[in-house]
Amino acid sequence: MEAMEKKSAPTQLRTQRASIKKDTIHPKEYQRYPLVSSCEDCSHFSERQKACTFGYNSANHLRNRQNHDYEVGGKMAFCRFLEID
């Protein structure tokens, strides 16, 4: 008797976006130093439009979100294009 081969359903390939990289912030540094970490601190952020002038999604880098992420997990998502005056 031949063994019956079980055919599996075709696997759908999903395209996943890479998750945003969050850097761990030491509690002493968070308390001691004024961290420049949010869009509101950046030269490329339009306060009037509440948006990045490069067109990047700023949702993960706004000050309220950054503070929340730090308080919950001790990490922040620093924008690699952050530029201060």
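Here, each number is a calculation from the coordinates, and none is a lab measurement. Quick caveat: nothing in here was measured; it's all calculated off a predicted structure. Cβ sites come from the backbone with ideal geometry, for glycine too, and all protein chains shown count toward neighbours.
Pairs of alpha carbons in the range 23-76 separated by more than 13 Å make up 59% of all such pairs. Quick one: which residues, 5 or more positions from residue 45 or on another chain, have an amide H under 5 Å from its amide H? H modelled 1.01 Å from N in the peptide plane, none for Pro or chain starts. Here 53 satisfy the definition.
Assuming charge only on the beta carbon of Lys and Arg (+1) and of Asp and Glu (-1), the dipole of the range 41-85 about its Cα centre is about 160 debye to the nearest 20. Computed packing ranks the peptides 34-44, 63-73 as 34-44, 63-73, most packed first, by mean other Cβ atoms within 10 Å. In order along the range 43-50, phi translates into HN-Hα couplings of 5, 8, 10, 8, 4, 4, 8, 6 Hz, rounded to whole numbers, per the Karplus curve 6.51 cos²θ - 1.76 cosθ + 1.60 with θ = phi - 60° and x for Gly and Pro. The stretch between residue 51 and residue 19, if pulled fully straight at 0.36 nm per residue, gains 9.5 nm over its current Cα-Cα span.
Extension gain for residue 67-residue 83 works out to 3.9 nm (0.36 nm per residue, less the C-alpha to C-alpha distance).
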